[in-house]
Every structure is written in C-alpha cells, then in structure tokens.
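Computed from the coordinates by the stated procedures, all read-outs in this text should not be read as laboratory data. All figures in this text were calculated on a predicted structure; none of them were measured in a lab. Note that we place each Cβ from the backbone using ideal geometry, even for glycine, and neighbour counts take in every protein chain shown.
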Amino acid sequence: MPRREPFANYVDAFKRGLEEAGYIDGQNVAIEFRWAEGHNDRLGAMAADLASRQAAVIAATGGPLPAFAAKAATATIPIVFAMAGDPVLRGLVASLSRPSGNITGYNLIASELDGKRIGLLHDLVPAARQVAVLLNPKNPNVEGQKQDIEKAARVLALQITILNATSPTELDAVLAKSEQGDAAALLVGTDPFFNSRRAQIVELIAGLALPAIYEWREFVDAGGLMSYGPSLSGAYHQVGVYVGRILKGEKPADLPVMQPVRFELVINLKTAKALGLAVPHSLLAGADEVIE
C-alpha cells in the first residue's frame, strides 16, 4: 500500500479505537507502520521483522494476504486482522465466535457483496445488457468474486466482460474505451489494490462516461457514482479497539471475529448529472447518503 495516503482516514480511525482503550500514540503506546505499497512479496519479510522485534500486537490489515503473512511469522504474538473474505473458510481462524490461537479480527463481508452490487447497477441502468467488471486476478478472493458476479448476472440476463488489472499501468490499459466493448456499466470489484488507486480509477472511469459502482464510499467521495458496502473506516476503528483490549490483557482467542451489522449505499448525484443519468427514486429512497 502507498504510505499513509490515501489511507489517512483509516489510520485515524484505528488510532481513535486505540484511544477508547486509553492508548495514545507517542504517549503510552508506539505504533510502527509497515507499508507494502502494493508489493505483496514484501509482506512476509515485514511480518517477520515485526515478530523479531517482539511487537506487543500486530494489526494486519488490507486483505487476507497481510493476515496470513502475520500468522506465518508468529504463533505467539497477538494478531488482529481486517479482511474481506470468509476467514473460517480460508483457514485463518477456527470459527468466528471462538477464533482460537493468537489471531482474531474483523471480517468485512465485502467481496461477497459483488453480486449485490451487480443488482444495484442493474436497478440504476436497467437497459444495460452488458457490464464490465474490474478484478485483480492476484486477489485470493477473486474466484469467489467471479462466481458471485456470474450468478447474479445470469439471474438478471446480463453479459459480463472481465477486465483484469494488477498494476497502475494495467489499470490505464484496461480502463480504456477500446477495452470496454459494448459494456454500458461497470463494477469495480473489492480489492485492496483498487482502493489504494481509487483516485486513478475514478478519473479513468469518468473518461469512459460509464455508470459505475464501487465497494467503498471513499470512491464516491472521490467523485465516483455509487458504492455499496460496509464502512471500512469503521472496521479500522474496531481493529484499534481490539488492539487496545489485547494490550490491556485480553486474549485474541477470547475475542470473537467481528462483522459489520449494516451496509451503506452512497450515491453521488453530481456525478449522475454529469453522466446525464436519472437515478431512480427507489435507489435514492434506499440510500444511506446522497451527495449533491
């Protein structure tokens, strides 16, 4: 991930969670950050370095890969993760209620919502028969994402065009008019790399003049059209809370894996107007926030 930006709000949310437990960075706790900057091959060495320094707790955020890297680095130092994708199914924890071992965290239930996002996109542009889907083939959840998207598309009689990107250069290449075919709308799949490049992605999609739906509201804040998913800053806040509780003596095995209890639908009417798109009243009525 890039350093701090564009993750400043997540870092701040994490610190607020710590503060709720009485821990303030630079006063009674020291936070050491490690940023992979999109290079997943660095994760193992970074986790091993933190383990060798005998960190009191390791917060492994940004998807399943950091969590698995931390788990491989230590069986004793407490780990708190934040990731999309079922941590039980992936073998990270024994169960949500009793994670066991030295690891617990927050399951975002975000990548499992891509099928729901296809439905929302269909509600927004019901005449669209073909939808482009941006995915990262290096994401551990990508096969499940494809299955959920394809299942939802079959129900709605939609054709899907998969666009694969794993780097900023590939994003530029696939989010070009020539790559979209006859797609009349676009879904940006859940992926930490995409979130780190959200300004680039929103700008490129604006150039395509296609209606698009994203995983996090931060894309809509950056000018994207619509998002549906849990609060990512809320997840980081809860990770901070759990880290604070562990610092006070609680054990990860006794802390159930958290999950979101609500999901946000956010719509940017300014972007809709720029696209010449009339947002159906049913969507506006169900939105948690409308940006005008």
> Mind checking which lysines have their C-alpha under 28 Å from LYS273, skipping anything on the same chain fewer than 8 residues away?
Replying inline: LYS116, LYS177
> How about the stretch 203-292: which trypsin sites (Lys or Arg not before Pro) there are in a DSSP loop, with at most 10 other Cβ atoms within 10 Å of their Cβ?
Replying inline: LYS248, ARG262
>> Using 19 Å as the Cα-Cα cut-off, could you pick out the over-long pairs in LYS71/LYS248; LYS71/LYS251; LYS15/LYS138?
In response: LYS71/LYS248; LYS15/LYS138
>> With 10 angstrom as the radius, rank TRP216, TRP35 by how many other C-beta atoms surround their C-beta, starting from the fewest.
In response: TRP35, TRP216
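Going by how many other beta carbons lie within 10 Å of each one, how would you line up VAL239, VAL266, fewest first? Walk me through the numbers on the way to the answer.
On the way: VAL239 26, VAL266 22.
Exposure proxy ranking, most exposed first: VAL266, VAL239.
Listing ILE77, ILE246 from the residue with the fewest other Cβ atoms within 10 Å to the one with the most, what is the order?
Placing the least packed residue first, the sequence is ILE77, ILE246.
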> Which of VAL241, GLN145, TYR214 sits farthest toward the positive end of the charge dipole of the chain, with +1 on the Cβ of Lys and Arg and -1 on the Cβ of Asp and Glu?
Replying inline: VAL241
> What list of ³J(HN,Hα) couplings, whole Hz, do you get for the stretch 75-88 from phi and the Karplus terms 6.51, -1.76, 1.60, once you set θ to phi - 60° and write x for glycine and proline?
Replying inline: 10, 10, 6, x, 10, 10, 9, 9, 7, 9, x, 4, x, 6
>> Loop-only chymotrypsin sites (Phe, Trp or Tyr not before Pro) in the stretch 232-292, please: DSSP not H, G, I, E or B, and at most 15 other Cβ atoms within 10 Å.
In response: PHE263
> Cross-link partners among aspartates and glutamates for LYS151, C-alpha distance below 14 Å, same-chain residues fewer than 8 apart left out?
Replying inline: GLU112, ASP114, GLU143
> Using the Cβ atoms and a cut-off under 9 Å, what net charge is assigned to the surroundings of LEU50, where Lys and Arg are +1 and Asp and Glu are -1?
Replying inline: 0
> Counting only residues 5 or more places away or on other chains, whose amide H sits under 5 Å from the amide H of GLY105 once H atoms are built in the peptide plane?
Replying inline: PHE81, VAL257, MET258
>> Tell me the mean residue ellipticity at 222 nm calculated for the chain from its helices only (DSSP H runs of n ≥ 4, each -39500 (n - 2.57), averaged over every residue, nearest 500).
In response: -11000 deg cm²/dmol
